[in-house]
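Worksheet: one structure, shown below.
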Amino acid sequence: MKPATTTGAGDWLLLLVPGVIWGASFLFIAEALEAVGPDGITFARILVGFATLALLPAARCPVPRAAWRGIALLSIVWLAFPLSMFPHAEQRVSSALTGMLNGANPLFTAIVAAVLAGRLPPRSIAVGLGVGLAGTVLVALPAMGEGRNSAIGVGLILVALLSYGVALNVMGPLQQEHGALPIIWRAQGLAILLTAPLGLPELVAARWALGPLLAILALGALGTGVAYAVIATASGRLGATRASATTFLIPPVALLLGVWLRHEQVALVSVVGGAVCVGGAWLMRRASAGRECRRQVTSWSAT
């Protein structure tokens, strides 16, 4: 059966909601750091996200024992490790810069995929990859020149994105076989255990105020809960490639909120780099979509 090629209003909403939520997540982290240590933020957001997804029957669907090895890996490379890196990074660089660098997420996913496959990506994808990497350098360049502390912050973000690249390559087959929400929910449960030793003491020692508390609740319930549920629905309805377009919203939303609400200063070259980075990711997505379309045409012709 030929998949739909048009996107209705409801479909656009499925793409907009996760992108806006994840773009705002870096603002929530910055606000939460006013009261809670970075590891406490990571532990709390995963705990709240786990509780939020537990309300959905689809997340509680059983998975076979054979899937648990992949789930355990995801709990590290998709949740515990990268989600710990971002709060530590935002102690050194702005939420806007952190969000803009997240525009490089598809680039790291493509790099990891090429390494795992043991071959270079197709030329059309490689062009987008090159453009995106150039944009990433431009985004990071001003922070790298601000001193060792800022350079460490950028490094933490890039390491987190590399971890995401591994996670998304692992997640694909698991999601196709068992569904996204059951895998994500169980990985969150394991990630709670992994982050508790460092996170729980910081959470207990937090200097609570209403703003940071609301930021953590939003970060967990929306960023680590609702957004995952919506993107899982979008992937099933639109396909993984079209659903991935939501990531294009993350850099501009993070930039807008950081500058508007936290009055963060962002160098013009970083803004340009963010646009170039998103452009490279878009080129890669268009190339991937074109290759998938050609495969489908070939399949339909054969039948």
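The values are calculated or read from the model by the stated rules, or taken from the named source; none is laboratory data. Just so you know, these numbers come straight off a predicted model, no measurement behind them. Quick reminder, even Gly has a Cβ in these numbers, built from the backbone with ideal geometry, and neighbours come from all protein chains shown. Heads up: the accessible areas ignore ligands, DNA and RNA and are worked out on the full protein's heavy atoms, side chains in. Shrake-Rupley method; radii C 1.70, N 1.55, O 1.52, S 1.80 Å.
Details
- Segment Ile152-Arg65, length gained on full extension (0.36 nm per residue, minus Cα span): 27.4 nm
- Computed over the stretch 1-124: relative contact order in percent, which uses C-alpha pairs under 8 Å that are six or more apart: 34 percent
- Using only side-chain charges placed at the Cβ, +1 for Lys and Arg and -1 for Asp and Glu, the dipole size of the stretch 160-288 relative to its Cα centre rounds to 260 debye.
- For the chain: accessible area per residue (Å², 1.4 Å): 47 Å²
- Axial C-alpha extent at least 30 Å, average Kyte-Doolittle at least 0.0 - helices from the chain (DSSP): 9-32, 123-144, 148-178, 180-204, 268-302
- The GluC sites (Glu not before Pro) of the stretch 1-94 meeting both criteria, a DSSP state outside H, G, I, E and B (loop) and at most 13 other C-beta atoms within 10 angstrom of the site's C-beta, are Glu34.
- With eigenvalues of the C-alpha gyration tensor scaled by 5 and rooted, the chain, Å: 30, 25, 17
- Using a Förster distance of 30 Å, the FRET efficiency for Gln176-Leu256 (Cβ separation, nearest 0.05): 0.30
- Value of [θ]222 nm, deg cm²/dmol, for the chain, DSSP H segments ≥ 4, -39500 (n - 2.57) each, nearest 500: -25000 deg cm²/dmol
- Qualifying trypsin sites (Lys or Arg not before Pro) in the stretch 37-126, where qualification requires a DSSP coil assignment and no more than 10 other C-beta atoms within 10 Å, comprise Arg119.
- This model, with +1 at the C-beta of Lys and Arg and -1 at the C-beta of Asp and Glu, gives the chain a dipole about its Cα centre of some 1000 debye.
- Length gained on full extension, Ala196 to Arg286: 28.3 nm, using 0.36 nm per residue less the C-alpha separation.
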